[in-house]
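This report concerns only the one structure given below.
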Amino acid sequence: MDRTKKIVRCAIYTRKSTEDGLEQEYNSLDAQYDACTAYALSQRHEGWTVTKDRYDDGGFSGGNLERPGLKRLLADIEVGKVDIILLYKIDRLTRSLSDFAKIVEILDRKCASFVSITQSFNTTTSMGRLTLNMLLSFAQFEREVTGERIRDKIYASKRKGIWMGGPVPLGYDVIDRKLVVNKVEAERVRHIMQLYLKVASVPELVDTLAKSSSLTKVQQRKDGGTRGGCHFKRGNLYHLLSNRIYRGMTVHKGEAFEGEHEAIVSEDLWDQVQVKLAKQGQGGSSRKVSARTGVLAGLIYNAEGTPMVLTHTQKGNRRFHYYANRYEALGDTTASRVNARDIEDIVVGQLSQTLALGIQVQSVLLDGTYTADQLHNLISRCRQLGTELTAAKYIRKQAIVRNVLGRVELHEDRVVIKIDNRSLLNVISAEGAIQPSSSDLIIEREAIRLRRGKALRLIIPAASAGEGVSLRDDKLVMLLAESRAIMAQIATNPDKSVPTLAAEQGRCRVRMMKVAKLVCLDPYIVTAIVEGRQPLKLTPSRLLAADLPLAWADQRQLLGVG
């Protein structure tokens with residue numbers, strides 16, 4: 001008889017939706033773990049052993065998979081460290097049917113399973129699977145009903161004027177879960193609003209407050225840290241100037257109610273500020289916006305040779321222009337289109353560069369009979385035209401482009417720019433015996449559609465070194481320079497910590513610490529950024545958010561450089 005038993009590795013997973021009670025010496029997670037451990041001991045005869053690692057998620061909802069403990073557990077299952085997941089109840093694992101299907105797929109692929117110690121049924125049968133799906137359906141229903149109940153409670157509370165938490169606005173303190181006026185900060189709020197009425201715009205107000213070292217409110221975090229205490233930005237001020245809480249109101253999804261707290265801004269001052277914001281606010285229609293699009297209207301074609309038309313969409317007072325296939329302009333949103341500003345910047349930039357360099361233009365001029373001096377003068381005129389195009393206003397820019405270009409073709413991966421030779425010679429006043437080249441000058445540049453933030457942009461990737469063109473991101477370069485400046489301050493002030501330096505300069509300590517870490521960046525990556533050879537997806541926000549490893553090779557792999 002074979003006395004050997006197969007060892008079944010059991011990982012215990014525990015979860016609690018809220019953080020209430022987790023600070024206790026013996027909390028809900030410990031109770032779940034002990035119950036599962038006892039059940040595993042009862043199955044020792046089957047070879048069950050509990051793994052040393054604990055997989056706890058305290059304060060995480062079961063409505064999604066974004067839980068650190070669960071992620072570690074699934075990762076260990078993927079590498080074959082776990083055979084069975086032990087749970088106190090099924091809803092501890094998930095309260096979503098779709099997420100449960102994903103977890104079961106992973107378990108099936110790795111020949112693993114799960115056991116609920118308080119709910120016994122056999123999932124190998126159709127009835128067992130039906131029972132499981134019913135339990136999960138009720139768990140998901142319970143979660144959704146709880147969410148609706150909480151949202152209704154928040155709405156009902158705000159209707160009664162009760163403050164329901166969140167960042168404490170400047171001008172108030174929270175005492176016994178109620179907003180109480182902070183007289184010093186309230187005077188600052190009124191001063192900022194009065195100052196806004198005197199200056200021309202919010203950006204000017206930002207500069208004025210920065211000179212007076214006025215800082216945002218310092219907010220206490222649950223983990224004991226702080227946030228805020230930085231110079232005001234435009235977003236902070238727009239929110240402050242339009243926040244109806246200063247008129248003693250609570251707001252829920254745009255609907256305002258009379259609040260329990262005291263107003264700190266008079267009605268007259270509030271009305272004056274709102275009138276000015278309506279006229280000069282973000283995207284306000286009072287701004288004089290010069291025409292910037294339409295330079296390529298009638299000149300741009302798609303890869304099939306079909307003309308693309310200039311169209312636009314509107315969001316509030318802002319208008320976004322596109323060159324689109326005719327079908328899309330008529331309502332087919334699946335047809336391709338390109339941001340007008342992106343393609344116009346690419347075409348104008350490449351055209352001005354070609355004219356300024358004059359190398360490709362020489363092939364056209366050499367077909368005529370010119371003296372050396374005449375040829376030199378014509379090349380100089382081309383360079384002057386390229387320089388003028390770079391700095392020209394809309395009307396002049398459009399005139400040059402229409403007089404020089406034959407057409408622009410937009411392909412999936414490149415932009416083809418065709419220069420009309422005869423028209424170019426006419427523009428630069430080339431006189432003499434000349435036979436223009438039978439084929440037009442053609443400029444081809446690789447271009448890709450890349451999502452930057454929320455926008456889908458058309459971007460030219462970094463060119464080869466011989467072309468003298470790169471996709472240098474000045475914000476990335478400035479970020480590297482800032483990191484070295486911070487480290488220089490740290491070196492000259494060894495007795496001061498980064499939070500102390502940040503407080504003295506009115507800067508955000510969290511961002512300052514993130515920027516300071518960039519001084520440890522691989523020199524190869526630094527060189528690539530300075531030369532514009534970094535990956536297109538390496539943005540300043542991604543670089544700051546990256547958890548940089550110490551090894552330079554690992555940094556390159558993480559950021560996709562080299």
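The values are calculated or read from the model by the stated rules, or taken from the named source; none is laboratory data. Treat the numbers as computed from the prediction; the structure is a model and nothing was measured. For neighbour counting, all protein chains shown are included, and Cβ atoms are generated from backbone atoms with ideal geometry for every residue, glycine included. Just so you know, the surface numbers come from the protein's heavy atoms only, side chains and all, with ligands and any DNA or RNA stripped out. Shrake-Rupley method; radii C 1.70, N 1.55, O 1.52, S 1.80 Å.
Points worth noting:
- Some residue of region 16-25 being over 39 Å from the mean Cα position of the chain (by Cα) and among the hydroxyl-bearing types (Ser, Thr, Tyr): no
- Restricting region 88-102 to residues that are over 11 Å from Leu136 (Cβ atoms) and in a helix (DSSP H, G or I) leaves a set whose member that is most open to solvent (accessible area, probe 1.4 Å) is Lys102.
- Top-ranked residue of region 219-234 - restricted to ones that are within 17 Å of Val202 (Cα to Cα) and open to solvent by 100 Å² or more (accessible area, probe 1.4 Å), ranked as modelled with the lowest pLDDT: Arg234
- Strands (runs of 3 or more DSSP E) lying entirely in region 380-495 (those with 3 or more residues that are surrounded by 14 or more Cβ atoms within 10 Å (Cβ to Cβ) and modelled with pLDDT of 80 or more): 405-410, 414-419
- Residue in region 261-278 that is over 27 Å from the mean Cα position of the chain (by Cα), at pLDDT below 85, buried (at least 17 other Cβ atoms within 10 Å of the Cβ) and not in a helix (DSSP H, G or I) present: no
- Filter pass, Ile106 being in a helix (DSSP H, G or I), surrounded by fewer than 18 Cβ atoms within 10 Å (Cβ to Cβ) and at pLDDT 85 or above: yes
- Single residue of Arg67, Arg54 found to be in contact with a strand residue (DSSP E or B) (Cβ under 6 Å, 6 or more places away or on another chain) and within 17 Å of Tyr13 (Cβ to Cβ): Arg67
- Condition met for Glu304 (open to solvent by less than 100 Å² (accessible area, probe 1.4 Å), modelled with pLDDT of 80 or more and more than 24 Å from the chain's Cα centre (by Cα)): no
- Helices (runs of 4 or more DSSP H) contained entirely in region 508-553, each with at least 3 residues that are surrounded by 14 or more Cβ atoms within 10 Å (Cβ to Cβ) and either free of Cβ contacts under 8 Å to residues at least 60 places away in the same chain or out of contact with any helix residue (DSSP H, G or I) (no Cβ under 9 Å at 6 or more places or on another chain) (or both): 509-517, 523-531
Yes or no, residue by residue, for (1) modelled with pLDDT under 80; (2) at negative phi; (3) surrounded by 13 or more Cβ atoms within 10 Å (Cβ to Cβ):
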{"position": "Leu310", "(1), (2), (3)": "no, yes, yes"}
{"position": "Gln314", "(1), (2), (3)": "yes, yes, no"}
{"position": "Arg326", "(1), (2), (3)": "yes, yes, yes"}
{"position": "Gln353", "(1), (2), (3)": "no, yes, yes"}
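- Tally, over region 235-260, of residues that are in contact (Cβ under 8 Å) with a residue 40 or more places away in the chain, open to solvent by 40 Å² or more (accessible area, probe 1.4 Å) and in a helix (DSSP H, G or I): 0
- Taken as a whole, the condition of being of a type outside the set (A, V, I, L, M), under 30 Å from the mean Cα position of the chain (by Cα) and open to solvent by 40 Å² or more (accessible area, probe 1.4 Å) does not apply to Phe138.
- Residue in region 40-57 that is surrounded by 15 or more Cβ atoms within 10 Å (Cβ to Cβ), of a type in the set (Ser, Thr, Tyr) and modelled with pLDDT under 90 present: no
- Pairs, first over 21 Å from Lys81 (Cβ atoms) in region 91-106, second open to solvent by less than 30 Å² (accessible area, probe 1.4 Å) and among the β-branched types (Val, Ile, Thr), C-beta under 7 Å, six or more apart: Phe100/Thr94
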